[in-house]
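The block underneath contains the structure these notes are about, expressed in structure tokens.
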Amino acid sequence: MASIIDKRLSLHHRLAKKEQENSALKSQNLQLQALASLGSATSMIAHEINNLLTPLANYAALAVQNPDDRELAAKALDKTVRNCQRAARIMGSMLTMANGRKQQTSKANILAMVEEVFTCLCRDLGKDGITVRVQVPQDLELTCVPVQIQQVLMNLILNARDAMLPAGGILTIAASAADEHVELAVSDTGKGIAPEDIERVFQPFFTTKTEADRPAQGSGSGVGLAFCQRVAEAHAGRISVTSRLGEGTTFRLRLPKSRPEHR
């Protein structure tokens, strides 16, 4: 009897020890998940900073290269200042999202947001052989964090441009409303995405771009679409993709038309 009791006590002791070890491992796992999330957020922010700095550098260079054209230089510097202010708002919004805090939403005109994105890009896509078609109703509005939705659009537009280089093609940005939702679609007629890669495109650090496919330094880091998905989910929406090799790709962002609170 004493032997059985000793064995049971020993078993209970080992079980308690294993439970403590399991609890410690769970705690370490949570810490590692937090670090992984922080790493992903940091990479996303770095990726977006690169997207923002490129047009700012172009505006500044335009002013420097044309010192005698005071009107042109003044316009370039004005755009630089306004885009620096917008960049500050975007980065503040992204950092807030990374920290998990609630953000202020506002009603925004979708066409105006699209036009501002192209202004920020400071790039005439026609020079790349790309025809831009914007099919957005003038009065269509969305309650959102505007700078985040603009950053999503910028990512999708830049990806579409990369997919159509060097041959060129057609970039279409469309928006429509139905059932209290707004759908934004960014389509290209580029290379397309292989079926086996479709399910992975929103994974952090996954990219289908090779070194030869990266027209801009820092592109193809695999964090832009992960950021887009995070923004969509934070707005209680979703983002999806359809594609055919050699024919093109369409990303669709579906969001509630009105959302008073945002996280």
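The values are calculated or read from the model by the stated rules, or taken from the named source; none is laboratory data. These figures come from a predicted structure and were not determined experimentally. Neighbour counts run over all protein chains shown; Cβ positions are idealised from the backbone, glycine included.
Please identify the pairs in which a residue from the stretch 164-175 that is more than 16 Å from Ser243 (Cα to Cα) has its Cβ atom under 6 Å from the Cβ atom of a residue that is modelled with pLDDT of 95 or more and in a strand (DSSP E or B), counting only partners at least 6 apart or on another chain.
Hits for this filter: Gly168/Ile130; Ala174/Gln135; Ala174/Ala185; Ala175/Leu184.
Looking only at the stretch 190-212, filter to residues that are modelled with pLDDT under 80 and under 21 Å from Ile49 (Cα atoms); which one of those is farthest from the chain's Cα centre (by Cα)? Can you show your working first?
If we filter the stretch 190-212 for residues that are modelled with pLDDT under 80, which is where we start, we get 204-212.
Now narrow it down to the ones that are under 21 Å from Ile49 (Cα atoms): 204-207, 209, 211.
Values: Pro204: 11, Phe205: 12, Phe206: 13, Thr207: 14, Lys209: 17, Glu211: 21 Å.
Within the stretch 190-212, the match that is farthest from the chain's Cα centre (by Cα) is Glu211.
What is the one condition in (1) of a type outside the set (A, V, I, L, M); (2) at pLDDT below 95; (3) more than 18 Å from the chain's Cα centre (by Cα) that Ser176 does not satisfy?
(2)
Might you check whether a residue that is of a type in the set (Gly, Ala, Ser) and modelled with pLDDT under 80 occurs anywhere in the stretch 43-59? Break it down into steps so the answer makes sense when it comes.
If we filter the stretch 43-59 for residues that are of a type in the set (Gly, Ala, Ser), which is where we start, we get 43, 46, 57.
Of the ones still in play, those that are also modelled with pLDDT under 80 are 43, 46.
Yes, that holds for at least one residue.
For residues that are in contact with a strand residue (DSSP E or B) (Cβ under 7 Å, 6 or more places away or on another chain) and farther than 14 Å from Arg89 by Cβ, scanning just the stretch 105-124, find the one that is surrounded by the most Cβ atoms within 10 Å (Cβ to Cβ).
The qualifying residue surrounded by the most Cβ atoms within 10 Å (Cβ to Cβ) is Ile110.
Within the stretch 63-84, take every residue that is under 22 Å from Leu52 (Cβ atoms) and not hydrophobic (A, V, I, L, M, F, W, C) and give me the one that is modelled with the highest pLDDT.
Gln65
Quick one: how many residues across the stretch 172-194 are of a type outside the set (A, V, I, L, M) and over 12 Å from Thr249 (Cβ atoms)?
5
Select from the stretch 147-162 the residues that are aliphatic (A, V, I, L, M) and at pLDDT 90 or above and list them in ascending order.
Within the stretch 147-162, Ile149, Val152, Leu153, Leu156, Ile157, Ala160 meet the criteria.
Being of a type in the set (A, V, I, L, M, F, W, C) and exposed (fewer than 14 other Cβ atoms within 10 Å of the Cβ) is the filter; apply it to the stretch 62-83 and report the residue that is farthest from Phe118 (Cα to Cα). Steps first, answer last, please.
First, pick out the residues of the stretch 62-83 that are of a type in the set (A, V, I, L, M, F, W, C): 62-64, 72-74, 76-77, 81.
Okay, now just the ones that are also exposed (fewer than 14 other Cβ atoms within 10 Å of the Cβ), so 64, 74, 81.
Working: Val64: 22, Ala74: 19, Val81: 16 Å.
This residue is Val64.
Does at least one position in the stretch 97-119 carry a residue that is within 24 Å of His235 (Cβ to Cβ), modelled with pLDDT under 65, within 31 Å of the chain's Cα centre (by Cα) and among the hydroxyl-bearing types (Ser, Thr, Tyr)?
No: zero hits.
Hey, does the stretch 125-138 have a residue that's in contact with a strand residue (DSSP E or B) (Cβ under 7 Å, 6 or more places away or on another chain) and among the polar types (S, T, N, Q)?
Yes, that holds for at least one residue.
Can we say Val132 is over 15 Å from Phe251 (Cα atoms) and touching a helix residue (DSSP H, G or I) at 6+ places or on another chain (Cβ under 9 Å)?
Details: over 15 Å from Phe251 (Cα atoms): yes; touching a helix residue (DSSP H, G or I) at 6+ places or on another chain (Cβ under 9 Å): yes.
When the stated conditions are applied, Val132 passes them.
Of everything in the stretch 162-205 that's assigned to a helix (DSSP H, G or I) and of a type outside the set (Val, Ile, Thr), which residue is farthest from Ile110 (Cα to Cα)? Walk me through it before giving the result.
Initial filter on the stretch 162-205 (assigned to a helix (DSSP H, G or I)): 162-164, 195-198.
Filter once more, so that each one left must be of a type outside the set (Val, Ile, Thr): 162-164, 195-197.
Values: Asp162: 24, Ala163: 24, Met164: 25, Pro195: 31, Glu196: 33, Asp197: 30 Å.
That would be Glu196.
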